[in-house]
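The values are calculated or read from the model by the stated rules, or taken from the named source; none is laboratory data. Owing to the predicted nature of the structure, the values given are computational and were not obtained by experimental measurement. Cβ sites come from the backbone with ideal geometry, for glycine too, and all protein chains shown count toward neighbours. All accessible areas refer to the heavy atoms of the entire protein, side chains included, with ligands and DNA or RNA removed. Shrake-Rupley method; radii C 1.70, N 1.55, O 1.52, S 1.80 Å.
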Amino acid sequence: MTSSSGASRRQVLAVAAAAATAPLIAAAPARAAGSKDPKTAKGPKTWDLTVLGTSDTHGNVYNWDYYRDAEYDDSKHNDVGVAKLATLVNQIRAERAGRATLVLDAGDTIQGTPLATYYAKQEPITSTGETHPMANAMNILKYDAVTLGNHEFNYGLPLLAKWIGQLGFPALAANAVNAATGKPAYLPYVIKEVRLGGHGAPKLKVGILGLTNPGVAIWDKGNVEGKLVFGDMVETAARWVPVMRARGADLVIVSAHGGDSGTSSYGPELPNENPCAMIAEQVPGIDAILFGHAHNEVVEKFVTNARTGAQVLLSEPSKWGQRLTRMDFTLTRERGCWKVVSKHATMLNTNTVVEDPAVLAAVRGQHTKTVSYVNTVVARSIVELSAAESRYRDTPILDFINHVQTEVVTAALAGTEHAALPVLSIAAPFSRTAVFPAGDVRIRDVAGLYVYDNTLEAVVLTGAEVRAYLEYSAKYFTTLAVGAPVDPATISDPAVPDYNYDVFSGLDYDIDVSRPVGQRITRLALPGTGAPVADDARFVVAVNNYRRSGGGNFPGIVKPQVYNAQQEIRQLLIDWAQERGTIDPADFFVPNWRLVRAGVPVEFPTV
């Protein structure tokens with residue numbers, strides 16, 4: 001483990017120690033909805049506990065869309081941001097005055113908006129010493145613990161350690177293990193003691209176990225390889241839950257950055273990406289699981305533990321601060337031990353409240369600086385370029401990405417053994433709403449097109465590997481029989497996200513969506529000549545680090561790089577635009593692929 005990671009460990013332990021000595025949350029006796037008043041009715045006395053949960057806030061503090069430079073809004077009128085979450089949390093704390101309330105987060109916190117990127121890239125907190133905006137915001141909200149998500153590792157271990165050290169509460173990741181020592185690299189769990197009632201009332205010890213996603217080993221391989229090992233989430237829970245119980249935890253909650261589907265976006269060589277239902281079913285001793293990663297809204301789900309028959313409560317609060325999970329537990333004491341009488345979960349929508357002024361004030365300067373930065377003009381576009389049709393039609397704006405990637409890799413390989421090979425490029429339609437307006441193009445426009453913090457790499461593929469890759473990508477489309485009506489809204493398989501559909505430049509090809517998956521690339525030809533691509537032909541392929549590391553489980557792409565200068569693709573796009581000053585499709589748009597049915601191009605209505 002590097003010295004920065006060692007610092008991370010020390011900082012986490014320091015935070016945990018501080019949390020352990022913090023004042024306890026006082027609570028007055030309370031009864032669950034529908035229960036009898038213990039003062040007037042027979043039966044055991046009951047107390048209650050509320051646990052509030054957030055996840056996948058992804059750098060959202062203000063209810064603001066930095067790509068549109070406007071208040072955030074979507075078709076369902078959702079709101080976003082920690083400031084909105086704080087208002088709901090404060091309302092519940094006030095409502096429950098004198099009763100115990102805990103607040104947890106299930107990860108993916110410091111990546112996802114230009115605000116978060118600015119303090120990782122433009123003015124990194126590791127250089128300036130400034131407090132990260134997500135630390136500023138979350139400290140005002142006063143979380144009890146946060147789990148590390150996979151995106152926490154995007155900017156390297158030193159920045160992650162710095163952020164953890166700025167938090168006023170513990171950061172958890174039991175299955176992130178120091179590769180050198182085999183010991184946990186971060187705090188595995190905390191046990192929070194809360195008093196259920198006034199002076200002299202009994203106390204409840206709540207164990208909180210944090211589990212991060214094993215996919216980090218693929219998605220951020222460059223940052224963690226040789227430093228951290230990521231264990232199976234089910235096995236890790238099975239190891240630590242008994243330890244927590246043995247150390248006095250009366251109630252055990254898992255805060256996990258993984259979904260509940262039981263599937264993975266990568267191959268079987270790594271532990272399962274979304275195992276939360278499996279954890280509930282296979283690991284005894286868990287009362288509830290707050291989970292994230294999948295960006296779904298799961299209000300309340302019960303899973304039966306196979307060994308004990310106990311019902312485990314699960315809940316996932318959507319993404320970006322749009323929702324807040326509320327778990328309510330009713331407990332009683334039997335022969336000196338706590339017993340859960342009932343538990344249930346509800347979901348609160350942040351669009352019902354205003355933003356918390358204290359959170360806004362804590363981040364206002366950083367938000368203002370970010371807004372100013374993203375509104376910097378980088379070039380003028382000759383015409384409007386839109387990504388609205390990029391999923392199913394070859395568009396100039398996606399070719400812009402591929403052109404820049406091709407240029408960078410071609411220049412870097414000049415004079416090397418790979419200089420004579422044709423350079424192809426891969427890009428995905430990350431955003432359906434990205435637009436370069438005619439006229440001034442700003443940083444926020446480019447950032448809105450390339451929303452991820454990926455870096456550029458390149459590998460060598462054969463013609464056969466390119467075809468296999470394209471066949472895998474083409475599973476994105478639903479099967480559409482010849483003559484069947486065409487609707488852009490239903491052209492893609494909802495199980496395949498847009499970011500897992502890749503478009504190649506540098507070769508001409510047809511995707512026949514009337515044919516079965518795996519038999520759809522009916523034409524794959526060299527540009528200009530129309531000659532079919534030979535299976536043994538060799539190409540350099542420019543690709544982002546996420547895909548090259550195995551993200552999406554595309555075939556053939558996980559192999560040694562012939563180029564890897566650790567250059568962020570978004571910044572390469574910005575640099576290209578700034579250097580030229582003009583964005584003209586004539587400089588980069590080369591239509592080279594199309595959707596067909598039995599060789600006839602699919603006709604779509606113009607958006």
### Task
Search the structure for amide H atoms under 5 Å from the amide H of Arg380, placed 1.01 Å from N in the peptide plane, and list their residues when 5 or more places away or on another chain.
Val441, Thr582, Ile583
### Query
Per-residue HN-Hα couplings for segment 337-342, Karplus 6.51 cos²θ - 1.76 cosθ + 1.60 at θ = phi - 60°, whole Hz, x for Gly and Pro?
10, 7, 9, 7, 7, 7
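Report the extension gain between Thr479 and Val354 in nm, rounded to one decimal, defined as 0.36 nm multiplied by the number of residues separating them, less their alpha carbon distance. Mind showing how you got there, number by number?
Numbers: separation 125, 0.36 × 125 = 45.00 nm, distance 4.49 nm.
The span from Thr479 to Val354 would gain 40.5 nm if fully extended.
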### Query
What angle do you read, to the nearest 10 degrees and between 0 and 90, between the alpha-carbon axis of helix 82-95 and the longest principal axis of the chain?
20
### Query
From the backbone phi of segment 311-319, what are the Karplus-calculated ³J(HN,Hα) couplings (6.51 cos²θ - 1.76 cosθ + 1.60, θ = phi - 60°) in whole Hz, Gly and Pro given as x?
8, 9, 8, 10, 7, 10, x, 6, 8
### Query
Which of the peptides 483-491, 404-412, 293-301 is most tightly packed, and how do the rest follow, judged by the mean count of other Cβ atoms within 10 Å per residue?
404-412, 293-301, 483-491
### Task
Can you tell me the 0 to 90 degree angle between the C-alpha axis of helix 233-246 and the longest principal axis of the chain, rounded to 10?
10
### Task
Kindly provide the pair-distance distribution of segment 252-380 built from C-alpha pairs, with 10 Å bins from 0 and whole-percent values in order of increasing distance.
11, 29, 26, 19, 10, 3, 1, 0
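Please report the relative contact order for segment 380-506, taking Cα pairs under 8 Å with a sequence separation of at least 6, and give it as a percent rounded to a whole number.
Answer for segment 380-506 is 34 percent.
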### Query
Once amide H atoms are built 1.01 Å from N in the peptide plane, which residues 5 or more positions from Glu193, or in another chain, come under 5 Å H to H?
Val206
### Query
Per residue, how many Å² of accessible area does segment 196-258 show with a 1.4 Å probe?
34
### Query
Can you list the residues, at least 5 places off or on another chain, whose amide H is less than 5 Å from the amide H of Val513, using H built in the peptide plane?
Val596
### Query
When the convex hull of the C-alpha atoms of segment 487-560 is computed, what volume per residue in Å³ does it have?
132
### Task
Pick out, from Tyr452, Asn592, Asn78, the residue whose Cα sits farthest towards the positive end of the charge dipole of the chain, with +1 on the Cβ of Lys and Arg and -1 on the Cβ of Asp and Glu.
Asn78
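How much of the accessible area of the chain, probe 1.4 Å, is carbon plus sulfur, in whole percent? Spell out each step's value before the answer.
Details: 12310 of 23380 Å².
Roughly 53 percent, rounded to a whole number.
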### Message
Stokes-Einstein diffusion coefficient for segment 279-351 at 4 °C in a medium of 1.567 mPa s, Rh from the Kirkwood formula over Cα pairs: what value in µm²/s?
### Response
98
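Can you pull a Stokes-Einstein diffusion coefficient for the chain at 10 °C (1.306 mPa s), Rh from Kirkwood over Cα pairs, as a whole number of µm²/s? Provide the component values of the computation, followed by the final result.
On the way: Rh = 25.8 Å.
D = 62 µm²/s.
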#### Entry: Cα coordinate range in segment 243-295, projected on the principal axes (Å, largest first)
38, 23, 15
### Task
Calculate one ³J(HN,Hα) per residue across segment 324-335 by plugging θ = phi - 60° into the Karplus curve 6.51 cos²θ - 1.76 cosθ + 1.60, and present them in order as whole Hz with x for glycine and proline.
10, 6, 10, 10, 10, 10, 10, 10, 9, 10, 10, 6
### Task
Please compute the Cα-Cα pair-distance distribution of segment 333-487 with 10 Å bins starting at 0, giving whole percents from short to long.
8, 21, 24, 21, 13, 8, 4, 1
### Query
Across segment 163-225, how large is the tail of the calculated P(r) beyond 20 Å, expressed as a percent of all Cα pairs?
45
### Task
Over all alpha-carbon pairs in segment 413-461, figure out the percentage whose distance exceeds 18 Å.
51
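Roughly what % antiparallel, to the nearest 5, for the DSSP beta bridges in the chain?
Working: 67 of 100 bridges.
Bridges in the chain that DSSP calls antiparallel: roughly 65 percent.
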### Message
Just to verify a number: FRET efficiency for Thr433 and Asp575, C-beta to C-beta distance, R0 = 41 Å, to 0.05?
### Response
0.95
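Might you tell me the accessible area per residue for segment 339-407, computed with a 1.4 Å probe and given in Å²?
Details: 2770 Å² over 69 residues.
Accessible area per residue, segment 339-407: 40 Å².
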### Query
Between Lys45 and Arg239, what is the FRET efficiency for a Förster distance of 45 Å, r being their Cβ-Cβ separation, to the nearest 0.05?
0.80
### Query
Which translational diffusion coefficient, to the nearest whole µm²/s, is obtained for segment 167-313 from the Stokes-Einstein equation, given a Kirkwood hydrodynamic radius over C-alpha pairs, 25 °C and 0.890 mPa s?
153
### Message
Can you compute the modelled spin-label distance between Ala565 and Glu417, with each label point 7 Å from Cα toward Cβ, in nm?
### Response
2.1
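Two-decimal Rg/Rh of segment 476-607 from alpha-carbon positions, Kirkwood Rh?
Details: Rg = 17.2 Å, Rh = 17.5 Å.
On the Cα set of segment 476-607, Rg over Rh gives 0.98.
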### Task
Report, please, the projected area of segment 424-535 averaged over directions, based on the convex hull of its C-alpha atoms, in nm².
9.3
### Message
What does the extension gain come out to for His344 and Asp587, with contour length at 0.36 nm per residue minus their alpha carbon separation?
### Response
81.7 nm
### Query
What whole-number value in Å² describes the accessible area per residue of segment 46-93 for a 1.4 Å probe?
31
## Note on the structure
Each label sits 7 Å from Cα toward the beta-carbon; between Thr368 and Asp440 the label points are separated, in nm, by 2.0
#### Entry: With Cα atoms, 0 to 90° folded angle of helix 463-473 axis to the chain main axis
50
### Query
Stretch Glu384-Ala97 to full length: gain in nm at 0.36 nm per residue minus the Cα-Cα span?
97.9 nm
